[in-house]
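What follows is a set of notes on a single structure, which appears directly below.
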Amino acid sequence: MPLYRTPMPSPVGELTLVASDGGLVAVLWENDDPRRVPLDGLVDGAGHPVLTQTEAQLGDYFAGRRTVFDLPLDFRGTDFQKSVWHALLTIPFGETRSYREIAEAIGRPTASRAVGAANGRNPVSIIAPCHRVIGSSGKLTGFAGGLEAKAFLLELEGPALLL
């Protein structure tokens with residue numbers, strides 16, 4: 001089954017949207033490490049309904065008109081990674097969680113580091129809001145799109161997050 005891709009300009013650089021016929025597979029950053037979310041056999045996806053829908057919803061998000069995404073997702077990873085990525089989907093707009101809080105939420109309270117590793121491989125950045133996960137000290141920590149992009153997204157969602 002092919003994977004379809006389309007580029008999307010955004011305030012945080014050009015994103016590459018990737019979908020299968022089952023849903024959104026990835027939102028990749030302009031200078032993304034290809035090992036972070038390995039994908040093969042990408043074909044042009046201009047007009048693919050999932051990509052069109054994703055681009056419209058991300059456009060609304062960046063314009064301040066959307067706080068929740070409603071897209072079919074096709075997560076590809078280990079069961080543990082998928083549990084972390086699903087936990088990301090529960091973090092409300094304008095709020096943050098620590099890696100420890102995510103580990104506790106998935107029933108693995110001692111797995112903060114593993115949660116961090118899974119968070120770093122989140123294939124659908126922004127949609128599954130890994131940018132809302134911060135260090136237990138409240139500091140911004142690693143982000144595939146870069147810390148400037150993470151800070152931008154948090155500020156877009158509410159300046160109170162960056163105290």
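The values are calculated or read from the model by the stated rules, or taken from the named source; none is laboratory data. Given the structure is predicted, the values throughout are model-derived calculations rather than measurements. Heads up, the Cβs are rebuilt from the backbone with ideal geometry, glycines too, and the neighbour counts pull from every protein chain shown. Side chains included, ligands, DNA and RNA excluded: accessible areas come from the protein's heavy atoms. Shrake-Rupley method; radii C 1.70, N 1.55, O 1.52, S 1.80 Å.
Things to note:
- Tabulated pairs, region 78-95, first basic (Lys, Arg), second modelled with pLDDT of 95 or more, C-beta under 8 angstrom, 6+ apart or interchain: Lys82/Phe75
- Only a single criterion out of (1) surrounded by fewer than 20 Cβ atoms within 10 Å (Cβ to Cβ); (2) in contact with a strand residue (DSSP E or B) (Cβ under 6 Å, 6 or more places away or on another chain); (3) in contact (Cβ under 8 Å) with a residue 40 or more places away in the chain is not satisfied by Glu14, namely (3).
- Check on Ser125, surrounded by 15 or more Cβ atoms within 10 Å (Cβ to Cβ), among the hydroxyl-bearing types (Ser, Thr, Tyr) and under 18 Å from Val12 (Cα atoms): yes
- The one condition from (1) open to solvent by 50 Å² or more (accessible area, probe 1.4 Å); (2) at pLDDT 95 or above that Gly142 does not meet is (2).
- Only a single criterion out of (1) under 19 Å from Ile134 (Cα atoms); (2) assigned to a loop (DSSP other than H, G, I, E, B); (3) open to solvent by less than 60 Å² (accessible area, probe 1.4 Å); (4) of a type outside the set (A, V, I, L, M) is not satisfied by Gly77, namely (1).
- Residue list for region 123-160, filter: in a loop (DSSP other than H, G, I, E, B), within 22 Å of Leu73 (Cα to Cα) and either free of Cβ contacts under 8 Å to residues at least 40 places away in the same chain or touching a Ser or Thr at 6+ places or on another chain (Cβ under 7 Å) (or both): Phe143, Ala144, Gly145
- Assessment of region 23-37 against the conditions (among the β-branched types (Val, Ile, Thr), under 15 Å from the mean Cα position of the chain (by Cα), surrounded by 17 or more Cβ atoms within 10 Å (Cβ to Cβ) and modelled with pLDDT under 95) yields at least one matching residue.
- Qualifying positions in region 80-100 - at pLDDT 95 or above and open to solvent by 60 Å² or more (accessible area, probe 1.4 Å): Lys82, His86, Leu89, Thr90
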